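*Asks:* Before I ask anything, here is the structure I am working with.
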Amino acid sequence: MKKVILIVATIILNIMTMNAQNQPYLTLNNGVKMPQFGLGVYSIPAGETTYNSVLTALKAGYRHIDTAHAYGNERSVGQAVKDSGIPRDSIWITSKLWPNEYGEEITPVQLDKMLERLGLEYLDLVYLHQPLRDYNGGWKALEAALEAGKVRAIGISDFDFSDELFNSIVEPVRIKPQAFQIECHPYAQREHWQEMAKKYNIQIECWFPLGGRDSKGEILRDPVINDIAKAHGKSAAQVIIRWHIQKGFSVVPGSSNPKHIQENIEALDFALTDAEMEQIHALNKEKRYFNMTYQQIKDWMENYEIWD
């Protein structure tokens, strides 16, 4: 009986490995290779919902999971990774520190707690989640964690309110960010920030790649995108994800729906033509769906602390 169980487990793992072979990788500025496509778990409830979403994604061939302390579901992510049976070094795990966790003294402590919540010995990528409080001190601590092997890559999230803010962390540091996470999709292609990231060889990773809830599906209804989707026998979501892939962005669409999780990864099995890429490029109007100002963010987060 044990032999049969072992054989079945081996077959399942082999199938999962084959599914992951189509996964494209990006080489970061420190030489580390990151799976380009993944699952974001923002706003997915902790516990069974996150656990099942991550496990479903990993079984479908996903090898990149993006979470954060602020999402409150790191433990569920870690448990799903453990229970998947997939070797740890085959899965890329990203998380993010909250501003009250920034500082040369406090960040190392909070990073250890993050690893404990996830049940991991190291993280593949850690972001500073928002450009507030002592982010320069937090960055120095992340540099030390990178050199100590606790993390494989470090990055900044939402430092796109102004050039001055972006430069305040990128210019003075010893180690430049490997990744820069921002809202990015066909209606807000963030061309200025593409150039800023390129200047420092920083990889852009996109949140709200399909527009997010506040878009109310606007991009998914776009007639140009839907005409392209029809031509390929694909969905609008698959075309948008494919556009991100061919632009060289890292893309982490979120979903707890098993059908959508499977649908999204099937964006890896076709290609858009140069003409179709140009058609989508022409849709850019730098229309964002998250539009809080930096001052509004500061006011909102003034007393918003996360501890665990």
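*Asks:* Of all residues in the range 205-216, count the ones that are touching a helix residue (DSSP H, G or I) at 6+ places or on another chain (Cβ under 9 Å) and either surrounded by fewer than 22 Cβ atoms within 10 Å (Cβ to Cβ) or among the acidic types (Asp, Glu) (or both).
*Replies:* Within the range 205-216, residues that are touching a helix residue (DSSP H, G or I) at 6+ places or on another chain (Cβ under 9 Å) and either surrounded by fewer than 22 Cβ atoms within 10 Å (Cβ to Cβ) or among the acidic types (Asp, Glu) (or both) number 0.
*Asks:* Considering only residues that are without any contact (Cβ under 8 Å) to a residue 40 or more places away in the chain and part of a loop (DSSP other than H, G, I, E, B), look in the range 46-66 and name the one that is farthest from the chain's Cα centre (by Cα).
*Replies:* The extreme case among them is 47.
*Asks:* Let me ask you something else. If a residue must be in a helix (DSSP H, G or I), touching a Gly at 6+ places or on another chain (Cβ under 8 Å) and crowded, with 21+ Cβ neighbours inside 10 Å, how many such residues does the range 119-144 contain?
*Replies:* Adding up the residues that qualify gives 2.
*Asks:* With respect to residue 107, determine if the residue is in contact with a Lys or Arg (Cβ under 9 Å, 6 or more places away or on another chain), farther than 17 Å from residue 42 by Cα and surrounded by 19 or more Cβ atoms within 10 Å (Cβ to Cβ).
*Replies:* Answer is yes for this residue.
*Asks:* Being exposed (fewer than 10 other Cβ atoms within 10 Å of the Cβ), closer than 30 Å to residue 181 by Cβ and at pLDDT below 95 is the filter here, so list the residues in the range 1-49 that pass it.
*Replies:* Scanning the range 1-49 gives a single hit, 21.
*Asks:* Surrounded by 15 or more Cβ atoms within 10 Å (Cβ to Cβ), within 22 Å of the chain's Cα centre (by Cα) and either charged (D, E, K, R) or under 25 Å from residue 46 (Cα atoms) (or both): does that describe residue 298?
*Replies:* no
*Asks:* Residue 26 passes all but one of (1) part of a helix (DSSP H, G or I); (2) more than 17 Å from residue 254 (Cβ to Cβ); which number fails?
*Replies:* Failed condition: (1).
*Asks:* If we scan the range 80-94, do we find a residue that is among the acidic types (Asp, Glu), in contact (Cβ under 8 Å) with a residue 24 or more places away in the chain and surrounded by 24 or more Cβ atoms within 10 Å (Cβ to Cβ)?
*Replies:* no
*Asks:* Starting from residues that are under 23 Å from residue 39 (Cβ atoms) and aromatic (Phe, Trp, Tyr), keep the ones in the range 162-192 and report whichever is surrounded by the most Cβ atoms within 10 Å (Cβ to Cβ).
*Replies:* Checking each candidate, the answer is 180.
*Asks:* Could you tell me whether residue 266 is acidic (Asp, Glu), surrounded by fewer than 19 Cβ atoms within 10 Å (Cβ to Cβ) and more than 21 Å from the chain's Cα centre (by Cα)?
*Replies:* So residue 266 does not fit the description; no.
*Asks:* Here's a follow-up. Among 224, 252, which is the only one that is crowded, with 22+ Cβ neighbours inside 10 Å and β-branched (Val, Ile, Thr)?
*Replies:* Going through 224, 252 in turn, the sole match is 252.
*Asks:* Here's a follow-up. Do we have residue 120 as farther than 29 Å from residue 281 by Cα and in contact with a helix residue (DSSP H, G or I) (Cβ under 9 Å, 6 or more places away or on another chain) here?
*Replies:* yes
The values are calculated or read from the model by the stated rules, or taken from the named source; none is laboratory data. Quick caveat, the model's predicted, so the values are computed rather than measured. Virtual Cβ from ideal backbone geometry, glycine too; neighbours counted across all protein chains shown.
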